[in-house]
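> Got a structure for you, questions after.
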């Protein structure tokens, strides 16, 4: 039986948002965060929720509390965190290849587990993603958001909270690699339609619960996306 995935509570969501703002440079090392009162008013939650969120940031090593002075930023990244910088990746072909290797492993196995565990609701969500990608292509748009939602929905369909969390963690980086590949493919006649066909193949195999076929289709899609950028990935 598929396990339901626990959604982050409010304090976790706020802590994640504040961590992202710190990582993006909105708050510098040594800078004091807004007070509990200010954060509670601007975000619209109780001070108790803000206090719990700040406590989580302390546990992650991002801030340090000073008695009577508030919380000060001590690091731009959580202790022991795994993070990619999309600004560096975009201009570094070696790092971009490594991101696609990560996608190859992550999305390939995710598609296999999704084929094994997907629900009817997952299939409906994936079908809507395909429709959105198709509509974007016909309208001349890049389809990036719908594309990422498709892969994120596959991650949720695995029923594995850690796979979903990793996809969410790497969201900006994966979306960035998709954006680069999509801009490249849109400049060639027939390429966007080929990308859509690759997504449909993944969907069909997940729908039919063909585990290895779904895994292979997802890996093939990532390798083709890399080839469209002139990159070589895969064993």
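The values are calculated or read from the model by the stated rules, or taken from the named source; none is laboratory data. Computed from a predicted structure; not experimentally measured. So basically every Cβ, Gly included, is an ideal-geometry build from the backbone, and we count neighbours across all protein chains shown.
> Might you let me know whether segment 41-55 holds any residue that is in contact with a strand residue (DSSP E or B) (Cβ under 9 Å, 6 or more places away or on another chain), part of a strand (DSSP E or B) and surrounded by 15 or more Cβ atoms within 10 Å (Cβ to Cβ)?
No - not one qualifying residue is present in segment 41-55.
> Being in contact (Cβ under 8 Å) with a residue 40 or more places away in the chain and part of a helix (DSSP H, G or I) is the filter here; which residues of segment 56-75 pass it?
If the condition is that a residue be in contact (Cβ under 8 Å) with a residue 40 or more places away in the chain and part of a helix (DSSP H, G or I), then 56, 57 are the ones that fit.
> Then there is this: For residues that are over 21 Å from residue 68 (Cα atoms) and either part of a helix (DSSP H, G or I) or touching a strand residue (DSSP E or B) at 6+ places or on another chain (Cβ under 7 Å) (or both), scanning just segment 19-40, find the one that is modelled with the lowest pLDDT.
Once the filter is applied, the top-ranked residue is 23.
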